[in-house]
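Novice: Structure incoming, see below.
Read-outs throughout are calculated quantities, based only on the coordinates presented, and are distinct from any laboratory measurement. It should be emphasised that the depicted structure is a prediction, and the values quoted were computed from it without experimental measurement. Backbone-built Cβ (ideal geometry, glycine too); neighbour counts: all protein chains shown.
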């Protein structure tokens, strides 16, 4: 099943002018009723058999309803809360329980996330002072601070979906959000801010990095006809007081756009929350004046999910208290922010990179900011990786199966070759019967641009035969001009020696060294190095030729090594990670570097200060056994250079 692509490229909010629905309602086949469990406040007297929600579907209604948040491991989280109260102030997050762009029963689930924040004594709070919307994140500072109940974020929910399977304007695009705040009454104000860049908060420095180029954000840009030529940052600013009062949609622009541009897909409201430059957040509204947001807060206690709700006083309860859970839905199509109607009439919009949720001290958009959840990712499908089971046709033309090693059920994989022959195409794998180079292109939906590309080369060697029942694993790493090769074999006693072969084109190989086999053990691991100074190529390829005592030959899969060195570059291997990761740093000079690893909340998990030489260096980090599986951020700092990589810990 496929899913629609999407965009998170969406955007913002609205003004408080038009009449909006602020009572329980079903929109986009999703319940907006200030309840985390399907359609509870709508009640069994008004059942909906095909309406989704955040958590478990409502049993009395039955039908085809879904819940979007992955609740795997909820029992363990709850048990940890119950056994140790200190665990109750530890953030965590959960992604959607389905692959991105999952399509079923007339809707497309693009992505969803649940994030639990710190409670009471909050480690991601804005420093008291002048931190405001409209300022550059470069000027924001954080701290650890006690938080007023009306500003203290407990939980955040976010879900993006399209109602329908056709990816056109009739299939409306919806953004749903919810926030649970410690305070249960009075005025509460919060923002969902969407960034185009990989913004990041570092607790140890209490500062933000990775923000946009236009006064700390990314600006929207238009052509003379008002069509969007560049999507920028956006924000949904919500105000609650005994219910939803209004949601304002704003986009980051140069203030001159308000005077010189008439947008083709939405209108300006006339509001502008600027910072210290010509840039700021401008309010937008639908062209046709239709309502585009819906929301309410819970009028009675409502279930807090399978992991319950830790409160700021250290208590643990099953339900959100009355007035504590606020939920909303925004119709991005009505608002004019559907990528189907922007930038090329395609459902393949530019995903926003990060989401940040904040609370404000008052209804005023530029009021002082209080609590925040560190910027988090919403959308990270895995990039395609392929491998061939027979990389060498030995002595005769044969058959090889090339497969996607990390297939993503909602992606499309297109295979091509200019010099080979594809006999069978199974989508995520092909069977080939000729030597050649085979390329696969991963797209997230039909008619979308390429998301990721990988290739595999099958080589013909007329002089080799196959050494049966031997599995070979080989890896390579460039370090300061030396390629370190590691390989292992499972039938060691039948091997005479290993020949290291090198190539600059992945097709023609020459010997680069020989290693004798240690036949005392059935299984053994080997190492070798090869100097690449002076190699006139941006890449080098290696394979291991194994010669048996009987004269038979087997080849390993080739490994590709990049030889390019920029000012500073970083690569993690392996990734995903189980218990150890190599942080490979290429530098054009000797440098002091700092390496930090953060969890999804911005908590610093580990750091190291070290020195790297000109060329290539490697830092090994391990002992991740006690860490929760999920996505971590690895940040490498050297002078003004800041490099960020994602590390997926799988256990």
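Novice: Please compute the length gained on full extension between residue 387 and residue 525, using 0.36 nm multiplied by the number of residues separating them and subtracting their Cα-Cα distance.
Specialist: So the chain would gain 47.6 nm between residue 387 and residue 525.
Novice: Residue 412 to residue 650: FRET efficiency via 1/(1 + (r/R0)^6), r the Cβ-Cβ distance, R0 22 Å, to the nearest 0.05?
Specialist: It comes out at approximately 0.35.
Novice: Mind checking the full-extension length gain between residue 613 and residue 560? Use 0.36 nm per residue of separation minus the Cα-Cα distance, one decimal, nm.
Specialist: Contour length minus the Cα-Cα distance gives 16.9 nm.
Novice: Mind sorting 120, 135 by how few other Cβ atoms lie within 10 Å of their own Cβ, fewest first?
Specialist: In order of increasing Cβ crowding within 10 Å: 120, 135.
Novice: Next up: Please list the radius of gyration and Dmax for the range 568-649, considering alpha-carbon atoms only, with Å as the unit.
Specialist: For the range 568-649, the Cα radius of gyration and maximum Cα-Cα distance read 12.2, 36 Å.
Novice: Do the sum for the chain: with -39,500 (n - 2.57) for every DSSP H run of n ≥ 4, divided by all residues, what is the mean residue ellipticity at 222 nm, to the nearest 500 deg cm²/dmol?
Specialist: Calculated from helices alone, the mean residue ellipticity at 222 nm is -500 deg cm²/dmol.
Novice: If you don't mind, another one. For each of 141, 302, count neighbouring Cβ atoms within 10 Å of the residue's Cβ, then give the residues from fewest to most.
Specialist: Least to most surrounded, the residues fall as 141, 302.
Novice: Just report the Cα centroid separation between the range 380-447 and the range 566-586, whole Å.
Specialist: Cα centroid to Cα centroid, the span is 26 Å.
Novice: With labels modelled as points extended 7 Å from the Cα through the Cβ direction, what inter-label distance (nm, one decimal) is found for residue 640 paired with residue 401?
Specialist: Modelled inter-label distance: 5.3 nm.
Novice: Report, for the chain, the % of DSSP beta bridges that are antiparallel, rounded to 5.
Specialist: The answer is about 95 percent antiparallel.
Novice: Let me ask something else. What shape does the range 25-376 have by the C-alpha gyration tensor, where a ≥ b ≥ c are the square roots of the eigenvalues, rounded means a/c under 1.5, and otherwise prolate means a/b greater than b/c and oblate the rest?
Specialist: It comes out oblate by the Cα gyration axes.
Novice: Using a/c under 1.5 as the rounded threshold, could you call the range 73-201 rounded, prolate or oblate? The axes a ≥ b ≥ c are square roots of the C-alpha gyration tensor eigenvalues, and prolate needs a/b larger than b/c, oblate otherwise.
Specialist: Oblate shape, in that a/c is at least 1.5 and b/c is the bigger or equal ratio.
Novice: Roughly speaking, what is the stretch gain from residue 433 to residue 204, that is 0.36 nm per residue apart minus the C-alpha to C-alpha distance, in nm to one decimal?
Specialist: 76.9 nm
Novice: Using a 7 Å offset from the Cα along the Cα-to-Cβ direction at both residue 367 and residue 148, what is the distance between the two label points in nm, to one decimal?
Specialist: Inter-label distance under the simple model: 0.8 nm.
Novice: Gap in Å between the Cα centre of the range 72-132 and the Cα centre of the range 352-373?
Specialist: Cα centroid of the range 352-373 versus Cα centroid of the range 72-132: 18 Å apart.
Novice: For the chain, what class follows from the C-alpha gyration tensor (a ≥ b ≥ c being the square roots of its eigenvalues): rounded when a/c is under 1.5, otherwise prolate if a/b is larger than b/c, else oblate?
Specialist: prolate
Novice: Here is a follow-up. Consider a paramagnetic label point 7 Å from the Cα of residue 277 along Cα→Cβ; state which residues of the range 350-390 have an amide N under 20 Å from it.
Specialist: It comes to 353-354, 366, nothing else.
Novice: Return one number: the angle in degrees, 0 to 90 and rounded to the nearest 10, between the long axis of the Cα atoms of helix 74-83 and the longest principal axis of the Cα atoms of the chain.
Specialist: Roughly 70 degrees, rounded to the nearest 10.
Novice: What is the order of 627, 140, fewest Cβ neighbours within 10 Å to most?
Specialist: With the fewest neighbours first, 627, 140 line up as 627, 140.
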